[in-house]
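Chemist: Sharing a structure with you now.
The values are calculated or read from the model by the stated rules, or taken from the named source; none is laboratory data. Worth saying up front: this structure is predicted, and the values here are computed from it rather than measured. Backbone-built Cβ (ideal geometry, glycine too); neighbour counts: all protein chains shown. Heavy atoms of the whole protein, side chains included, go into the accessibility calculation; ligands, DNA and RNA do not. Shrake-Rupley method; radii C 1.70, N 1.55, O 1.52, S 1.80 Å.
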Amino acid sequence: MAGNSMSSRRLASSINITPMIDILLVLLVIFMVVAPSTSTGLDVVAPQPGPAPKETPEEPIIVRVNRGGEIRINRTVVDGSFKGRLTEILKTRHDRVVFVQAEPDLPFQKVAEVIDESRGAGAAQIGLATELGLENR
């Protein structure tokens, strides 16, 4: 009996891990189901497309001044008020850019007068054009 009592006193030291695996699998399923429904992100406003680009660009406004004092706006001779005609043209334009082209030997005072009248007509930007830059237009 002495041998038999020794074996009966010994406790089983192994852990039954089957219930632990069951609990872990149940928790895994719960987290897999809950996780997608609780995910949140940043509130984002998607960018909207801008206005469509113009299909044909506007022809630049070129004011030509010659030695005789004749003023032309894009090959059209200005009869009467230059400032009034340019004001009418600039009302319909999106860009308010005017290029002034004068003959090389023309006094700068005449060119300055045309620039002042162009500014008074509503031109936002005024550029001085050379003969080489805009001669084909």
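Chemist: Would region 82-128 count as rounded, prolate or oblate if I go by the C-alpha gyration tensor, calling it rounded below 1.5 in a/c and otherwise prolate when a/b exceeds b/c, oblate otherwise?
Modeler: Numbers: a/c = 2.55, a/b = 1.91, b/c = 1.33.
Prolate is the answer for region 82-128, as a/c is 1.5 or above and a/b outweighs b/c.
Chemist: I've got another one for you. Let's test this: bin the Cα-Cα distances of region 7-129 at 5 Å from zero up to the farthest pair and state each bin's percent.
Modeler: The percentages, shortest bin first, are 2, 8, 13, 12, 8, 5, 4, 3, 3, 3, 3, 3, 3, 3, 4, 4, 4, 3, 3, 3, 2, 2, 1, 1, 1, 0, 0.
Chemist: Taking the Cβ-Cβ separation of Ala35 and Ser14 as r and a Förster radius of 41 Å, what is the calculated FRET efficiency to the nearest 0.05? Can you show the working numbers first?
Modeler: On the way: r = 35 Å, r/R0 = 0.85.
So, using R0 = 41 Å, E works out to roughly 0.75.
Chemist: What percent of all Cα-Cα pairs in region 35-104 falls in each 5 Å bin, counting up from 0?
Modeler: 3, 11, 17, 14, 10, 7, 5, 5, 4, 4, 4, 4, 3, 3, 2, 1, 0
Chemist: A further question on this structure: Using only protein heavy atoms and a 1.4 Å probe, report how much of Asp79 is accessible, in Å² to the nearest 10.
Modeler: 130 Å²
Chemist: Taking 7 Å along the Cα-to-C-beta vector as the label spot, tell me the Glu70-Glu58 distance in nanometres, rounded to one decimal.
Modeler: Roughly 2.7 nm, to one decimal.
Chemist: Could I have the simple spin-label model distance between Leu106 and Leu27, label points 7 Å from Cα toward Cβ, reported in nm to one decimal?
Modeler: 8.9 nm
Chemist: For the full complex of protein chains and a 1.4 angstrom probe, list Glu113, Glu103 by accessible area with the highest value first.
Modeler: Details: Glu113 80, Glu103 55 Å².
Most to least solvent-accessible, the answer reads Glu113, Glu103.
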